[in-house]
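The values are calculated or read from the model by the stated rules, or taken from the named source; none is laboratory data. Quantities reported herein were computed from a predicted structural model and do not represent experimental measurements. Heads up, the Cβs are rebuilt from the backbone with ideal geometry, glycines too, and the neighbour counts pull from every protein chain shown.
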Amino acid sequence: MTASDLTLRPATLDDAAALGRFAEHVFRDTFGPHNRPEDMDAYCRKAFALDAMRDELADGDLHTALAIAHGAIAGYAQLRAGPPPACVTGPHPIELKRLYVERRWQGHGVAQTLMTHAIELARQRGAQTLYLSVWQHNHRAIAFYAKHGFERVGVAPFRLGADLQLDPVMMRPLPAPPCAAAARR
C-alpha cells in the first residue's frame with residue numbers, strides 16, 4: 001500500500017460503531033499484553049462503548065480523522081481542544097488525543113499521513129502548540145513522536161481500570177502556515 005491508496009475523511013456519527021470496534025482492537029493489541037486483563041476490560045468497556053464513541057463524535061471540541069484503506073479503517077487521529085496539563089507551556093495548545101494505526105498497516109505511511117493531517121488541522125484551528133501523552137512503555141510511538149519534533153515536558157496520570165499510570169507528555173511547536181508567516185513580514 002502507498003499513501004495514495006489511503007483516504008482521509010472526518011468521522012461522522014455513522015462511524016461510531018466501527019470506530020469503537022477498531023479503537024478497542026488496536027488498544028487491546030497494543031497494550032493488552034502488558035496490562036492486567038481486568039484493567040483492560042474496565043477501560044475498554046467505558047472508553048470504546050457505542051455511547052462513548054457517539055459522544056466523542058458529537059463533541060465540537062474533538063475532531064476525528066479516519067484513514068481508510070481498501071474500504072476499512074486503517075487508523076485514526078483525534079485532536080481535542082481544552083485545557084492542557086500544567087507542563088504544556090506553549091501558546092494556544094491543542095491535544096493529539098489519539099493516533100491509532102492497526103498493526104498490519106504500521107510501516108506503510110498511515111501514521112505519517114495521519115500526523116501530517118493532524119498538524120495541518122491543528123494549525124487551521126489556530127493552535128501553535130501540539131501536545132500528547134503516550135504510554136511510557138510504547139517505545140515505538142515515543143520514537144515516532146520524537147521524529148516529528150515532540151519533546152517530553154512532563155507526565156500526566158492515566159487510569160487504566162484500577163491501575164493509575166503516569167504517561168509522558170510530549171509537545172512541539174507548530175509553525176505558522178506559510179501564508180501567515182509571509183503576511184507578518
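Here are some notes:
- Every pair of residues 6+ apart whose Cβ atoms lie under 7 Å, when the first sits in the stretch 96-110 and is on the phi < 0 side of the Ramachandran plot and in contact (Cβ under 8 Å) with a residue 60 or more places away in the chain while the second is surrounded by fewer than 21 Cβ atoms within 10 Å (Cβ to Cβ) and outside any strand (DSSP E or B): TYR100/VAL26; GLU102/VAL26; ARG103/ASP29; HIS108/MET1
- Hey, PRO157 under 25 Å from MET53 (Cα atoms), in contact (Cβ under 8 Å) with a residue 40 or more places away in the chain and either assigned to a loop (DSSP other than H, G, I, E, B) or not aliphatic (A, V, I, L, M) (or both) or not: no
- Failed item in (1) at pLDDT 95 or above; (2) under 15 Å from LEU99 (Cα atoms), with VAL155 passing the rest: (2)
- Within the stretch 162-175, being at pLDDT 90 or above and either touching an Asp or Glu at 6+ places or on another chain (Cβ under 8 Å) or not in a strand (DSSP E or B) (or both) holds for ALA162, ASP163, MET170, MET171, ARG172, LEU174.
- Filtered residue count, the stretch 132-147, keeping only those that are touching a Phe, Trp or Tyr at 6+ places or on another chain (Cβ under 8 Å) and more than 14 Å from PHE31 (Cα to Cα): 2
- Selection count where residues are of a type in the set (Phe, Trp, Tyr), part of a loop (DSSP other than H, G, I, E, B) and more than 16 Å from PRO93 (Cβ to Cβ), scope the stretch 130-154: 1
- Screening PRO33 with (1) in contact (Cβ under 8 Å) with a residue 24 or more places away in the chain; (2) farther than 15 Å from ARG98 by Cα gives one miss only, at (1).
- Taking the stretch 129-139 as the range and being touching a helix residue (DSSP H, G or I) at 6+ places or on another chain (Cβ under 9 Å) and either in contact (Cβ under 8 Å) with a residue 40 or more places away in the chain or basic (Lys, Arg) (or both) as the test, the residues that pass are THR129, LEU130, TRP135, HIS137, ASN138.
- Looking only at residues of the stretch 89-126 that are within 14 Å of the chain's Cα centre (by Cα) and assigned to a strand (DSSP E or B), we find that the one that is farthest from MET171 (Cα to Cα) is VAL101.
- For the stretch 145-163, residues that are within 25 Å of TYR43 (Cα to Cα) and among the aromatic types (Phe, Trp, Tyr) total 2.
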